[in-house]
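*Asks:* The structure is given below, and queries will be raised subsequently.
Nothing in this text is a laboratory measurement; each read-out follows from the coordinates by a stated rule. Quantities reported herein were computed from a predicted structural model and do not represent experimental measurements. Counting neighbours? That spans all protein chains shown, and the Cβs are built from the backbone with ideal geometry, glycine included.
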């Protein structure tokens with residue numbers, strides 16, 4: 001009987017050790033007052049203007065970003081549709097717009113410094129600014145609490 005108890009104690013210790021070692025990093029930064037898409041883009045809305053970028057969680061999974069494909073100013077973007085791409089040392093990932101509207105600015109600095117997406121995903125590493133055509137779309141996006149939970153659930157599946 002004592003043998004079975006010590007074996008289950010060992011197994012639970014091993015499981016907790018493995019769980020800890022599988023996630024050696026701190027959880028990604030998620031900012032309040034932003035909205036999040038389930039494809040890991042964030043949007044900060046000010047009036048009818050929205051700044052869009054990829055989340056800290058996304059840049060962490062991508063690794064070092066080496067190139068950002070930007071749309072043209074004046075082009076239209078649609079919620080949930082691709083408007084560009086982020087290329088990293090690991091992979092190339094599409095960037096989808098969390099809102100619909102017209103691109104009014106692109107972060108040209110990313111052409112020379114794509115790594116800003118890694119080092120400052122919510123500030124210097126923003127990707128586009130959009131004149132929002134349907135503010136009601138924001139209701140389908142996650143707030144910081146829901147997005148944090150979404151990321152934890154997604155990470156636990158891998």
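*Asks:* With a ≥ b ≥ c the root eigenvalues of the C-alpha gyration tensor of the range 35-157, is it rounded (a/c under 1.5), prolate (a/b larger than b/c) or oblate?
*Replies:* oblate
*Asks:* What is the list of residues in the range 28-42 whose amide nitrogen lies under 19 Å from a point 7 angstrom out from the Cα of residue 135, following Cα to Cβ?
*Replies:* Residues 33-36 qualify, since their backbone N sits under 19 Å from the label point.
*Asks:* Tell me the label-point distance for the pair residue 73, residue 94, using the 7 Å Cα-to-Cβ offset, in nm and rounded to one decimal.
*Replies:* 2.7 nm
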